[in-house]
Amino acid sequence: MLEVRHLKVWYGVTEVLRDVSFEVPEGRIVALLGGNGSGKTTIINTLSGLLRPRAGDIVFDGADVAGRPSDHMVKVGIVQVPQGREVFASMTVHENLELGAATRRDRAGIRADVERMYELFPHIANRRGQRAGSLSGGEQQQVAIGRALMARPKLLLMDEPSVGLSPIIVDMVVETVRELHARGLTILIVEQNVGVAAAVAQDAFVLKDGAIAFTGDAPGLIDNPEVLSSYLGR
Ligand SMILES: Nc1ncnc2c1ncn2[C@@H]1O[C@H](COP(=O)(O)OP(=O)(O)OP(=O)(O)O)[C@@H](O)[C@H]1O
Ligand SMILES: [Mg+2]
């Protein structure tokens with residue numbers, strides 16, 4: 001579904017992604033790991049059209065979309081749940097969900113999908129009129145995931161969805177990712193929590209020094225001390 005080849009991304013004079021190549025096959029969950037500042041969010045933001053690559057290909061559903069703007073990426077089906085959730089704090093839960101459908105025009109479909117989000121996340125259904133900024137971290141994560149799903153993605157990009165959440169809420173995130181996968185969604189998930197990556201993903205990539213340093217199967221990561229120590233510093 002997604003093929004990234006020799007991607008290079010710079011911030012001004014600083015090279016962050018030197019030569020990144022990886023694939024996300026349709027119907028899989030792929031985990032992207034790497035230390036702090038290794039460039040994980042830079043990859044997600046480039047795939048989302050928020051950053052322009054200096055070189056390289058991003059082939060999605062057979063078309064090269066590298067350098068296209070974010071509204072184009074959303075229309076072709078690439079949608080992200082951003083790091084830190086970034087819900088619109090002063091807007092209601094309901095308004096946050098509706099904003100996820102900003103590129104759509106099918107009003108009846110949008111209304112039906114909002115109700116579907118409330119079925120998927122009954123907890124936030126009871127809070128639909130509440131300001132999103134007043135919710136707990138786990139509830140905000142549900143709003144952020146629901147908002148992304150409102151764009152009807154084919155490929156969901158999740159940037160560290162488990163960070164800062166209590167173990168029980170992390171389990172909820174894991175269950176949500178599995179449920180979305182069972183419904184047919186393809187997912188690229190960035191994680192610092194190797195346990196979460198190993199629990200949900202089939203394939204894993206580790207980013208180091210601006211390139212993919214390790215490729216393997218995700219469940220095997222958890223008992224691969226060499227990968228954990230040399231690439232992730234633990
Ligand atoms: N807007 C920017 N301008 C300049 N440098 C940036 C910018 N955003 C990120 N960087 C730098 O690029 C590198 C990669 O950042 P990025 O946010 O992609 O890392 P990350 O792997 O997502 O880190 P984290 O695990 O902390 O979220 C870091 O060295 C960071 O300081
Ligand atoms: Mg990041």
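Rule-based calculations on the coordinates, nothing more; no lab input. These numbers were taken from a predicted model, which means no experiment stands behind them. In this analysis, Cβ positions are derived from the backbone assuming ideal geometry, glycine residues included, and neighbour counts consider all displayed protein chains.
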Suppose a student asked you for the relative contact order of the stretch 154-193, using Cα pairs under 8 Å spaced at least 6 residues apart; what percent would you report? 71 percent
The stretch 140-234 - charge dipole about Cα centre, Lys and Arg +1 at Cβ, Asp and Glu -1, debye rounded to 20: 400 debye
Which of N96, N36, N224 fluctuates most in a GNM of the chain (C-alpha springs under 10 Å)? That residue is N224
When the chain is fully extended, how far beyond the present Cα-Cα distance does E3 get from S229, taking 0.36 nm per residue of separation? 78.6 nm
Per DSSP, the loop-located trypsin sites (Lys or Arg not before Pro) within the stretch 1-93 having at most 15 other beta carbons within 10 Å are R54
Given 10 Å bins starting at zero, what is the percent of C-alpha pairs of the stretch 46-142 in each, up to the one with the largest pair distance? 15, 38, 31, 15, 2
Using a Cα distance threshold of under 22 Å, what count of lysine pairs results for the chain when pairs must be 8 or more residues apart or interchain? 5
How much net charge surrounds R152 when only other residues with a Cβ under 15 Å from its Cβ are counted (Lys, Arg +1; Asp, Glu -1)? +3
Give me the percent of DSSP beta bridges within the chain that run antiparallel, rounded to the nearest 5. 50 percent
Given that compact globular proteins tend to follow 2.2 N^0.38 Å, what is the ratio of the alpha-carbon Rg of the chain to that value? 0.99
